[in-house]
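Structure first, then comments.
The values are calculated or read from the model by the stated rules, or taken from the named source; none is laboratory data. Since this is a predicted model, take the numbers as computed values, not measurements. Glycine gets a Cβ as well: all are built from the backbone with ideal geometry, and neighbour counts include every protein chain shown.
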Amino acid sequence: MTAPFVISRVFDAPRERVWQAWTEVEQMKQWWGPKGFTVTHCKLDLRPGGKGHYCLRAPDGSEMWGRFVYREIVAPERLVWINSFSDKDGGLTSHPMSPNWPREMHSTASFKDLGGRTEVTIEWIPVDGSTELEIGTFDKGRDSMKGGWTGTMEQLIAYLAKG
């Protein structure tokens, strides 16, 4: 196996507010995805075994679908889900630009209360059963993951700043 990808960011908002931004559809639609992308479709069934399904529109107009399958929800401390690319019907697909990317990613978001501020830590790792090729692609993609998650966190910062 490989080491997880980990990224953290501190937000100038109380933990409950940040948690709501991650768990309420209308809020998540305002910030989810890499910088420059917009959410055109988002549904969340926030319960263990429940699914999330979303579509991101890139600046060039192309669309990218994704899905969550929630494993654990500990409000307002932790979300655990399996993240993957999908089609518009929610079926599992490969990464549209990297066919050797792991088909499923074990994802954990931890929310730490810092007394009016919140630290969010994301941990991402290919699910058990990923191939060596997928794990190698994941390891080579760490800079890309950092860029994508940094842009996503920046969009959340901007959204939270609006009040």
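Pairing residues of the range 119-135 that are touching a residue at least 40 places away in the same chain (Cβ under 8 Å) and closer than 15 Å to Val80 by Cα with residues that are of a type in the set (Ser, Thr, Tyr) and in a helix (DSSP H, G or I), at Cβ distances under 6 Å and at least 6 apart in sequence or on separate chains, gives no pairs at all.
Selection of the range 46-56 for residues being over 15 Å from the mean Cα position of the chain (by Cα) and either assigned to a strand (DSSP E or B) or surrounded by fewer than 11 Cβ atoms within 10 Å (Cβ to Cβ) (or both) yields Arg47, Gly49. Only a single item in (1) surrounded by 12 or more Cβ atoms within 10 Å (Cβ to Cβ); (2) at pLDDT 95 or above; (3) assigned to a loop (DSSP other than H, G, I, E, B); (4) out of contact with any Ser or Thr (no Cβ under 6 Å at 6 or more places or on another chain) is not met by Gly115, and it is number (1).
The single condition among (1) touching a Lys or Arg at 6+ places or on another chain (Cβ under 9 Å); (2) under 20 Å from Leu160 (Cα atoms); (3) touching a residue at least 24 places away in the same chain (Cβ under 8 Å); (4) not β-branched (Val, Ile, Thr) that Pro34 does not satisfy is (1).
Working carefully through the options Val80, Val120, find the one that is over 25 Å from Ala58 (Cα atoms) and not in a loop (DSSP other than H, G, I, E, B). It would help to see each step written out before you state the result.
Numbers: Val120 fails: over 25 Å from Ala58 (Cα atoms).
Going through Val80, Val120 in turn, just one is over 25 Å from Ala58 (Cα atoms) and not in a loop (DSSP other than H, G, I, E, B): Val80.
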